[in-house]
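These notes concern the structure reproduced below.
The values are calculated or read from the model by the stated rules, or taken from the named source; none is laboratory data. Owing to the predicted nature of the structure, the values given are computational and were not obtained by experimental measurement. Here Cβ is always computed from backbone atoms with ideal geometry, including for glycine, and neighbour counts include all displayed protein chains.
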Amino acid sequence: MLKKVGVLDWIRFGLLAAGILAVVTGILPAADAEESLRRIAPLLLFLVSVIVLVELTKEAEVFDVIATRLAAFGRGSYAALFLLCVVFASLTTMFLNLDTTAVLLTPVMLALAARSGIAALPLAMTTVWLANTASMLLPVSNLTNLLAADRVALEPREFAARMWLPQLAAIAATMVLLWAFYWRRGARGADRYTPPHAIKTRDRVLFAVSAAACALFIVSVLSGIPVEFSAAAAALVTLAAFTVRDRSALTPALFPWRLLVFVAGLFLVVPALTRHGLGSLMTSLIGTDPGAAGSLRAAASGAGLSNLINNLPAYAAGETAVPEANHTQLLALLAGTNVGPLVTPWASLATLLWFEWCRRHDLAISMRRFMLHGAVLALTALPLTVGALLLTR
C-alpha cells in the first residue's frame, strides 16, 4: 500500500496533518476552521461529482471520438487542426474545468498524435496552456472561480457576463504564442499530417448517456442550478449507466481522495498562516486600491505567488487581503492566479499532472523552454486580461 503513495501524496497528507495540528494547538481557532470547511463543502461535492463524471465520460470514449473526428475534420492541415484543438481545449476547460483538459484530454491528444503521426508537442502545449488561460469564463472552470463567484455573489451567467472579454483576451494571446512557439511550420517540423480513421466505441449506450450527462451538466449550470447539484446529478446519471452496462469501470480509483485531502488541508493551513503574518504580507503586496493600478498589482501578486507556491493557496491567501467592496480587484487577483501559473511546473496541480502524462507517453519536455515560453505568455496575456476586465466593469 505504501509503495503506491507518491511524493505528492505525502505532501497532501502533510498539508492536512499541519492543518489539523493548527486547529488542535489553537493556532487556528476551531470556529475559524469550521467556517472555512463549511465554505468549501459545496465545492468538495462539486469536485468529487465532476471528476467522477469526466472520468466515466473518458471511459466511454467520448473524448477520444471527439478528438479523432476533429483531427479527421482538419484533413491534414495543421492550421485547421490548430483552430479545432484550441476550440476543443477551451470549451472543455470552460465547461468541465481545467483538470479535465490537463489530466484527461492530454492522454487522449497524445494517443491521437501517436496514432496519426501528428506532432505531439504542439498538442500537449495546447492542452496545458489552455487549461490555465481558458479557465476564467464560468465558476465551474476552476476551483478559484467558485471561491471568487461566492465572494462577489455572481451567478454563472452574471460571472460569464463579467469575464467573457478577459477570457477572450487570454485565449487570443495564448493562440498567438502557441502558433509562434509550437504550431508554425518551422516549430512543428511537418507540412501536413495523416487524418486518422474514425474509431468505433465499445458501448454506444454508455457513449450516448455519458455525452448527454455532460450536456445536462452544462445546461444546468447555465440555467442557474447550483454547480454542486448540477455536477452530482450528471455524475449519478453516468454512474447508473455504468452500473448496468460496465461495473468493471466502477473502481475505488474513481473517488478523488487525493484532491479532497489537498483541498481540506489547504483550507486549514492558509487561514492559520493568514492569522499569523501571511495576511499582512498579502495586504502589503496587493494593496487596497480599487482602480486600475490596484487591479494590476493584485493580478501580478497572484501570478507571482502562484509560481512560487501554487495558484490555489495563492488565491486563498490573496482573497483575504482584498477589501469586500473591491470586486474588480478581486477578479484581477483571480486572473493572476488563473493566467499567471505558466512558468513553474508546480504553479498549478493540473500542470504537475500534465507533466506526469507527458512522461508516461515518453514526450520530452525541455524545462528551460517550458519556463521561458510560459513566462512570455504570462507577461503578455495577463496585462491584456486585466485591461479587458477593467473594460467590463
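Structure notes:
- So L268, is it farther than 27 Å from V140 by Cα, in a helix (DSSP H, G or I) and in contact with a helix residue (DSSP H, G or I) (Cβ under 6 Å, 6 or more places away or on another chain): no
- Look at (1) hydrophobic (A, V, I, L, M, F, W, C); (2) over 24 Å from L154 (Cβ atoms); (3) at pLDDT below 90 and you find that F242 fails only one, number (3).
- Helices (runs of 4 or more DSSP H) contained entirely in the range 136-188, each with at least 2 residues that are touching a helix residue (DSSP H, G or I) at 6+ places or on another chain (Cβ under 7 Å) and either modelled with pLDDT of 90 or more or of a type in the set (F, W, Y) (or both): 143-152, 156-178
- Just one of the listed residues (V221, V227) is closer than 21 Å to N311 by Cβ and modelled with pLDDT under 95, namely V227.
- Filtering the range 55-65 to residues that are within 11 Å of M109 (Cβ to Cβ) and surrounded by fewer than 21 Cβ atoms within 10 Å (Cβ to Cβ) leaves only D64.
- In the set V176, V209, only one residue is aliphatic (A, V, I, L, M) and surrounded by fewer than 18 Cβ atoms within 10 Å (Cβ to Cβ); that residue is V176.
- Failed item, numbered, when G287 is tested on (1) at negative phi; (2) without any contact (Cβ under 8 Å) to a residue 60 or more places away in the chain: (1)
- Of the criteria (1) surrounded by fewer than 21 Cβ atoms within 10 Å (Cβ to Cβ); (2) over 14 Å from S49 (Cα atoms); (3) modelled with pLDDT under 85, which one V270 fails: (1)
- Condition met for L236 (aliphatic (A, V, I, L, M) and at pLDDT 95 or above): yes
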